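Structure first, commentary second.
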Amino acid sequence: MSGPVGLGPDYMQPFFDFVNWVCKPQILFSGSVVTFFGALKFRKILVKPPVTIGIVIAMLVFFFISLLSPQFYNEARKADNAPIFIMIVLTGLVIWAAFYQAVNNDERFRQGLRSDEHEAAEEKLHVWPYLIYIEAIVAAFVLAAIFAWSIGLEAPLEQFANPAKSPNPAKAPWYFLGLQEMLVYYDPWIAGVLLPGMIISGLIALPYCDPNPKGVGYFTFEQRRFAISVFLFGFLILWVLLIFVGTFLRGPNWNFFGLYEPWNEHKLLSLNNVNLSEYFWTNLLGKAPPAEWWKREWPGFALILGYFTVMPALATVAFKKFYQQLGFVRFSVVIMHLLVMLSLPIKMYLRWSINLKYIVFIPDYFFNI
Amino acid sequence: MSAVGDQVRKILDESVYQSVIWKSVFRHGFPDTDRNRTLVVLSNLFLHLHPAKLKGHAVRMRYTWCMGGLSFFMFLILTISGVFLMFYYRPTPEYAYVDIVALREDVPLGMFMRNVHRWGAHAMVLIVWLHMLRVFMTGSYKAPREFNWAVGVILLKLTLLLSFTGYLLPWDQLAIWAITVGTNMARATPFLGHEGPGASLIGYDDFKVVHSKSDIRFALLGGSIVGPSALLRFYVLHCVFLPLVAGFLMAVHFWRIRKDGFSAPL
Ligand code: HEM
């Protein structure tokens with residue numbers, strides 16, 4: 001492996017420094033959340049083709065400028081990172097397609113018209129030729145694209161497997177990088193087992209817990225604000241964004257690096273993360289934390305217990321109608337999944353703001369939260 | 001139609017569509033009448049996954065983004081290219097890597113087929129995600145399609161597992177370390193992993209039921225490191241077990257799309 005790469009042209013440094021700063025986890029994450037909700041709010045403007053094209057051009061310019069950075073250039077040309085770019089492009093495209101039609105339909109409803117899909121559904125079409133031809137043409141294009149990709153880009157093959165020599169950083173396949181990123185904030189039993197399990201159980205539970213009968217068979221946003229916002233938040237912010245972070249912003253030792261910051265294996269970070277028990281006993285009460293875990297960890301337990309009892313109780317009041325619609329069991333399922341989902345950003349912000357390591361820390365039983 | 005076209009069509013009508021061979025294969029004339037267009041879909045094993053007619057919105061690309069069909073198409077491409085790769089690959093540490101090297105260097109179209117399989121797998125993961133996104137955005141998961149959505153979620157998981165088990169097979173540095181990182185998490189499974197919460201509670205004094213040689217990660221890898229048995233296990237899962245389960249669930253998925261009715265505005 002070669003050493004760290006250079007910084008790129010001098011005249012770019014102010015810009016590169018700025019972007020590196022924006023890439024800091026807390027700023028990137030907060031910025032993305034604000035952008036996400038802002039985009040939902042201003043969707044009507046954003047889906048207008050000239051605006052969308054403007055954004056695409058801006059992103060392309062940003063991409064090509066970024067290639068001036070040797071660090072980014074190195075990562076961008078890794079064959080196995082190609083799916084990340086395709087993911088960004090395709091996800092952007094379909095999100096735009098969905099919202100373009102949703103905005104259009106919502107406007108039609110306001111004018112007392114039926115959805116565009118409803119109009120089209122009036123007519124029945126023969127599958128041959130109307131669907132078969134589309135399928136055949138699309139399949140041919142996709143096949144051609146895969147062939148072109150396979151001719152142009154060679155699937156990597158590295159050195160023979162060597163269990164004694166671990167690469168730094170050792171990364172999971174790109175589609176699991178979101179989970180690997182979560183490992184920074186939670187122990188493996190949460191990031192690698194509990195959270196993925198709850199993604200699956202949450203997805204399966206979703207149809208049974210969405211009492212809203214509207215919005216079947218057509219694109220809309222206004223009739224399904226809550227469901228769409230939550231789902232897209234999970235998909236775009238907690239999954240796609242974290243994959244991007246894991247790919248481009250995590251270097252040796254899984255340290256954080258700005259987009260253009262060379263991956264220096266010797267980057268030293270002063271890691272003085274502190275457990276909640278230390279904050280409570282040492283900083284607040286001014287004594288040594290008790291040795292027995294059940295004495296030492298009760299503040300953490302209380303906090304977590306409170307989170308999973310007080311919050312649902314509050315939610316039954318705040319979302320009374322929703323609660324009545326769903327009933328106790330289904331409401332609990334929804335709230336528990338939402339609370340676990342939110343616990344990820346909460347832990348992130350606690351880490352970034354007060355260097356919190358663990359809320360509950362019982363290493364003897366590998367029970368760290 | 002042009003005069004030449006008319007002539008061609010006339011010849012086809014008279015000598016091809018009326019011929020014994022054509023009729024034995026297709027059992028109906030060229031699909032340009034309503035009757036034949038219905039028959040072509042109903043009488044063909046592959047096309048009859050579709051109904052003969054669909055509501056207008058369901059045919060449009062902007063509704064389905066073609067993502068469900070493409071998920072299946074990618075599965076087919078991967079099956080075909082994967083069978084090709086299987087001819088040249090032996091799942092043991094001494095052969096796996098050299099087989100891939102030989103495949104790239106000596107086998108005609110070997111490099112190309114490997115690339116198709118690799119990039120196709122990445123593409124399939126993405127396409128299945130986007131298919132799920134479209135089903136969500138059109139509210140198609142709501143009653144009566146809840147169960148088919150659940151089948152889809154399992155298909156999504158299988159797609160990821162297929163990709164993940166395939167990652168190990170080249171037996172290079174990328175492979176074993178990505179799988180090491182991935183499977184290390186299994187160590188931490190509550191009660192079932194030896195570094196998972198609760199695992200140390202199962203047992204008595206020094207006698208532990210769940211330890212590094214009996215936990216779920218060990219079962220997955222057939223050992224405590226990513227070694228020969230892990231390679232064999234992942235190979236069998238990747239080439240036999242997971243595709244069979246996925247194929248079976250796809251059959252259920254497609255059947256249910258027809259039985260539940262394709263989503264449509266009321
Ligand atoms: C290997 C994976 C999959 C394959 C091959 C597949 C295939 C298909 C196909 C061909 C359709 C027909 C309509 C269309 O093209 O959109 C469809 C519809 C559907 N899929 Fe999938 N699918 C897969 C995964 C999923 C996943 C991950 C989900 C959801 C989590 C899902 C849920 C559904 C539902 C609910 C429908 C009915 C849509 C409607 O009626 O509008 N599928 N699927």
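The values are calculated or read from the model by the stated rules, or taken from the named source; none is laboratory data. As the structure is a computational prediction, the values presented were derived from the model and not from experiment. We place every Cβ from the backbone using ideal geometry, glycine too, and count neighbours over all the protein chains shown.
Quick one: what pairs do we get from the range A:170-185, first residue among the acidic types (Asp, Glu), second part of a helix (DSSP H, G or I), C-beta under 7 Å, 6+ apart or different chains?
Pairs found: A:GLU181/A:LEU242; A:GLU181/A:VAL245; A:GLU181/A:GLY246.
Any residue in the range B:121-147 that's more than 13 Å from B:MET74 (Cα to Cα): show its pairings with residues that are among the basic types (Lys, Arg) and more than 9 Å from the ligand (Cβ to nearest atom) at Cβ separation under 7 Å, as long as the two are six or more apart or on different chains.
B:GLY139/A:ARG224
Report the residue count in the range B:62-81 for those that are near the ligand (Cβ under 10 Å from one of its atoms) and within 7 Å of chain A (Cβ to nearest Cβ). Reasoning before the result, please.
Of all residues in the range B:62-81, those near the ligand (Cβ under 10 Å from one of its atoms) come to B:63-76.
If we keep only those that are within 7 Å of chain A (Cβ to nearest Cβ) as well, we get B:63, B:65-66, B:69-70, B:73.
So the answer is 6.
What tally of residues in the range A:58-92 results from selecting those that are of a type in the set (A, V, I, L, M, F, W, C), without any contact (Cβ under 8 Å) to a residue 40 or more places away in the chain, in a helix (DSSP H, G or I) and out of contact with any Leu (no Cβ under 9 Å at 6 or more places or on another chain)?
Applying the first criterion (of a type in the set (A, V, I, L, M, F, W, C)) to the range A:58-92 yields A:58-65, A:67-68, A:72, A:76, A:79, A:82, A:84-90.
Pick out the ones that are also without any contact (Cβ under 8 Å) to a residue 40 or more places away in the chain and you get A:58-64, A:67, A:76, A:85-86, A:89-90.
Those left that are additionally in a helix (DSSP H, G or I): A:58-64, A:76, A:85-86, A:89-90.
So of that shortlist, the ones also out of contact with any Leu (no Cβ under 9 Å at 6 or more places or on another chain) come out as A:58-64, A:85, A:89.
Final tally of qualifying residues: 9.
Consider B:ILE176 carefully, then state whether it is in a helix (DSSP H, G or I), crowded, with 21+ Cβ neighbours inside 10 Å and among the β-branched types (Val, Ile, Thr). Step through it out loud before you land on a result.
Working: in a helix (DSSP H, G or I): yes; crowded, with 21+ Cβ neighbours inside 10 Å: yes; among the β-branched types (Val, Ile, Thr): yes.
In short, yes.
Name every residue in the range B:184-208 that is buried (at least 21 other Cβ atoms within 10 Å of the Cβ) and either modelled with pLDDT of 90 or more or touching a Gly at 6+ places or on another chain (Cβ under 9 Å) (or both), in order of residue number.
B:MET185, B:ALA186, B:ARG187, B:ALA188, B:THR189, B:ALA199
Could you list, in sequence order, the residues of the range B:93-117 that are small (Gly, Ala, Ser) and surrounded by fewer than 17 Cβ atoms within 10 Å (Cβ to Cβ)? Write out each step before concluding.
Residues of the range B:93-117 small (Gly, Ala, Ser): B:96, B:102, B:110.
B:ALA102, the sole residue that qualifies.
Is it the case that A:LEU314 is surrounded by fewer than 15 Cβ atoms within 10 Å (Cβ to Cβ) and assigned to a helix (DSSP H, G or I)? First the steps, then the outcome.
Working: surrounded by fewer than 15 Cβ atoms within 10 Å (Cβ to Cβ): yes; assigned to a helix (DSSP H, G or I): yes.
Spelling it out, A:LEU314 is indeed surrounded by fewer than 15 Cβ atoms within 10 Å (Cβ to Cβ) and assigned to a helix (DSSP H, G or I).
Would you mind stating whether A:THR247 is β-branched (Val, Ile, Thr) and either within 16 Å of the ligand (Cβ to nearest atom) or in contact with a Phe, Trp or Tyr (Cβ under 8 Å, 6 or more places away or on another chain) (or both)?
On the way: β-branched (Val, Ile, Thr): yes; either within 16 Å of the ligand (Cβ to nearest atom) or in contact with a Phe, Trp or Tyr (Cβ under 8 Å, 6 or more places away or on another chain) (or both): yes.
Answer is yes for this residue.
Mind telling me which of the residues B:TRP177, B:TRP171 ends up being within 11 Å of another protein chain (Cβ to nearest Cβ) and at positive phi? Spell out how you get there, then give the answer.
Working: B:TRP177 fails: at positive phi.
From the options B:TRP177, B:TRP171, the qualifying one is B:TRP171.
Hey, can you tell me all the residues within the range B:76-91 that are in contact with a Leu (Cβ under 9 Å, 6 or more places away or on another chain) and in a helix (DSSP H, G or I)?
Once the filter is applied, which keeps residues that are in contact with a Leu (Cβ under 9 Å, 6 or more places away or on another chain) and in a helix (DSSP H, G or I), the range B:76-91 yields B:ILE77, B:LEU78, B:PHE84, B:LEU85.
May I ask you to list the residues in the range B:18-56 that are in a loop (DSSP other than H, G, I, E, B) and in contact (Cβ under 8 Å) with a residue 60 or more places away in the chain? Give the derivation first.
If we filter the range B:18-56 for residues that are in a loop (DSSP other than H, G, I, E, B), which is where we start, we get B:18-19, B:27-33, B:43-46, B:50-52.
Matches in the range B:18-56: B:PRO51 only.
Hey, could you check the range A:93-116 for residues that are away from every other protein chain (no Cβ under 11 Å) and not in a helix (DSSP H, G or I) and say which is surrounded by the most Cβ atoms within 10 Å (Cβ to Cβ)?
The residue in question is A:LEU113.
Name the residue that is nearest to B:TYR97 (Cα to Cα), counting only residues in the range B:214-238 that are in a helix (DSSP H, G or I) and β-branched (Val, Ile, Thr).
Keep residues of the range B:214-238 that are in a helix (DSSP H, G or I), which gives B:216-221, B:228-238.
With β-branched (Val, Ile, Thr) added as a condition, the list becomes B:216, B:236.
Working: B:ILE216: 27, B:VAL236: 17 Å.
By that ranking, first place goes to B:VAL236.
Which one is nearest to the ligand (Cβ to nearest atom) among residues in the range B:160-171 that are part of a helix (DSSP H, G or I) and surrounded by 19 or more Cβ atoms within 10 Å (Cβ to Cβ)?
Let us first name the residues in the range B:160-171 that are part of a helix (DSSP H, G or I), namely B:160-168.
From what is left, the residues that are surrounded by 19 or more Cβ atoms within 10 Å (Cβ to Cβ) are B:162-168.
Numbers: B:LEU162: 9, B:SER163: 11, B:PHE164: 15, B:THR165: 15, B:GLY166: 15, B:TYR167: 18, B:LEU168: 21 Å.
Here the residue is B:LEU162.
B:GLU94 is checked against (1) more than 9 Å from every other protein chain (Cβ to nearest Cβ); (2) away from the ligand (no atom under 16 Å from the Cβ); (3) part of a loop (DSSP other than H, G, I, E, B) and fails just one. What number does that condition carry?
(3)
Given the residues B:VAL245, B:VAL210, which is the only one that is more than 29 Å from B:THR79 (Cα to Cα) and either within 16 Å of the ligand (Cβ to nearest atom) or within 13 Å of another protein chain (Cβ to nearest Cβ) (or both)? Full working, then the answer.
Working: B:VAL245 fails: more than 29 Å from B:THR79 (Cα to Cα).
After ruling out the rest, the residue left standing is B:VAL210.
Quickly run through the range B:131-159 and pick out the residues that are over 28 Å from A:PHE226 (Cα atoms) and more than 6 Å from the ligand (Cβ to nearest atom). Working first, answer last.
From the range B:131-159, those over 28 Å from A:PHE226 (Cα atoms) are B:158-159; that's our starting set.
Passing the criteria: only B:LEU158.
Please verify whether B:LYS53 is in contact with a Leu (Cβ under 7 Å, 6 or more places away or on another chain) and not hydroxyl-bearing (Ser, Thr, Tyr), treating the condition exactly as stated. Spell out how you get there, then give the answer.
On the way: in contact with a Leu (Cβ under 7 Å, 6 or more places away or on another chain): yes; not hydroxyl-bearing (Ser, Thr, Tyr): yes.
Against the criterion (in contact with a Leu (Cβ under 7 Å, 6 or more places away or on another chain) and not hydroxyl-bearing (Ser, Thr, Tyr)), B:LYS53 qualifies.
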